[in-house]
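Presented below is the structure to which this report refers.
The values are calculated or read from the model by the stated rules, or taken from the named source; none is laboratory data. Note that the structure is predicted; figures quoted are calculated from it, not measured. Cβ placement follows ideal geometry from the backbone for every residue including glycine, while neighbour counts extend to all protein chains displayed. Only protein heavy atoms, including side chains, enter the accessible area calculation; ligands, DNA and RNA are left aside. Shrake-Rupley method; radii C 1.70, N 1.55, O 1.52, S 1.80 Å.
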Amino acid sequence: MTAPMVNTREQEQVRRLRIRYATSGGCGVQIPVTVTAVTAVIPLVREEQDTNYGVHITTSWLTTRAVTVRTTTSFTCTFGTAAPASALLDFIIFRSED
């Protein structure tokens, strides 16, 4: 009987997923963004212990985006393209153990 092949890339991906986790700061789905806005301040669901957290953001329009400010109660997202009418944003707050 031969040993199963080990996929080191897959193992690394699983390891990274296990050490990252969503925080109590929460997530938001379909958060409205003001038309023509190039920034949005998004309040967290719950206060974070510090500002050492990550934010994954998706938008309903094609744009570049960056988190430009983090506080324990909110974050600011800056957009490369102004928000169109009916613009929406989704986010999730996460931390890493390493």
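Details
- Table column - 3J(HN,Hα) (Hz), the stretch 72-78, Karplus curve with 6.51, -1.76, 1.60, x for Gly and Pro: 6, 10, 6, 9, 10, 10, 10
- A crude spin-label estimate for the pair residue 46 and residue 10, with each label 7 Å from Cα along the Cβ direction, gives 3.5 nm.
- Annotation: for a label point projected 7 angstrom from Cα along Cα→Cβ of residue 27, residues of the stretch 51-80 with backbone N closer than 18 Å are 53-60, 75.
- Heavy-atom accessible area, probed at 1.4 angstrom with all protein chains present, ranks 62, 89 as 62, 89, highest first.
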